[in-house]
Structure formats: C-alpha cells, structure tokens
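Down below is the structure, laid out as structure tokens.
The values are calculated or read from the model by the stated rules, or taken from the named source; none is laboratory data. Because the structure is a prediction, the values reported are computed rather than measured. Positions of Cβ are backbone-derived with ideal geometry, glycine not excepted, and every protein chain shown enters the neighbour counts. These area figures cover heavy atoms from the full protein model, side chains too; ligands, DNA and RNA do not enter into them. Shrake-Rupley method; radii C 1.70, N 1.55, O 1.52, S 1.80 Å.
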Amino acid sequence: AALTTSQVQALTTSNVKGLTTAQIANMTTDQVASLQTADLAALTTSQLVGLTTDGVAALTTSQIVGMTTSQVSQLNTSQIVALTTTQISALTDAQLNSLSSTQISVMTTDQIGAM
C-alpha cells in the first residue's frame, strides 16, 4: 500500500535517501509536496530525475529554494518545462546560474520572464 502524506512527512532524511528511483517516480503529487525541504535537498540527482513532471510541478517554492545547484542543473528538459513561473521565480541566483543553455532553451516565454 502507498504511504500517506503524513507517513511521507515522517520519513527521515536517511529514509528518503534510501528510496529507489522507481519509488520516487511512483510518488503522487501530494506525496512529493509533503516531502520535507531537507529531505528533497538530500536526494541524489538520479533520484531527483526520477520525479515525474507532475511531481516537479507539485514542488513547493520552499522545496525549490532548498534544492542544490547540482540538483537544479540535472533536471531534464521535461522537468524544466513542468516548472511553474512561481517555481522559476523562487530559484536563487546560484540556481539560475546552474541552468544549462539546453534547459533554458526549452523554457516558455513566461518561464523566461519569471527569471
């Protein structure tokens, strides 16, 4: 059975780091949004790339700000397109500077304007 959002919130950083990419990919948007900011920041880039586009769109601005520049730079183009303008505006200068030209090239006009 799937974990409830309360159970996901109760996971320790070690628990979250132990999740497989498949388990991350199967998380619902509510489960993703309920991850603690520190837990999200502890994900490896391969785990983070496992997030679905819906999962990425469900990230809170606190979670976005808590991501490392390495994590941001490893988001795939589908995940970049899934970011909302609110999420893009929450990115720090360091996170924005970590974006590749490929990532920027797939952004919508609205996303670019939010930078």
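Accessible surface of Met27 in the full protein assembly, 1.4 angstrom probe, to the nearest 10 Å²?
Near enough 20 Å² of accessible area.
Could you give the semi-axes, largest first, of the ellipsoid that matches segment 16-57, computed as the square roots of 5 times the alpha carbon gyration tensor eigenvalues and rounded to whole Å?
Gyration-tensor ellipsoid for segment 16-57: 13, 12, 9 Å.
Report D for the chain in µm² per second (integer): Stokes-Einstein, Kirkwood Rh on Cα pairs, 10 °C, 1.306 mPa s.
113 µm²/s
For the chain, what does the accessible surface come to per residue with a 1.4 Å probe? Please give it in Å².
Per-residue accessible area for the chain comes out at 49 Å².
How much length is gained on full extension from Asn26 to Leu3, taking 0.36 nm per residue of separation minus their Cα-Cα distance?
7.2 nm
For segment 58-115, what Kirkwood radius comes out of the mean inverse Cα-Cα distance, in Å?
Evaluated over segment 58-115, this radius sits at 11.1 Å.
What percentage of the solvent-accessible surface of the chain, computed with a 1.4 Å probe over protein heavy atoms, is contributed by carbon and sulfur atoms?
Taking all protein chains in place, the chain shows 51 percent carbon and sulfur surface.
Which residues does a label at Ser101 reach in segment 52-88, if reach means a backbone N under 18 Å from a point 7 Å past the Cα toward the Cβ?
73-74, 77
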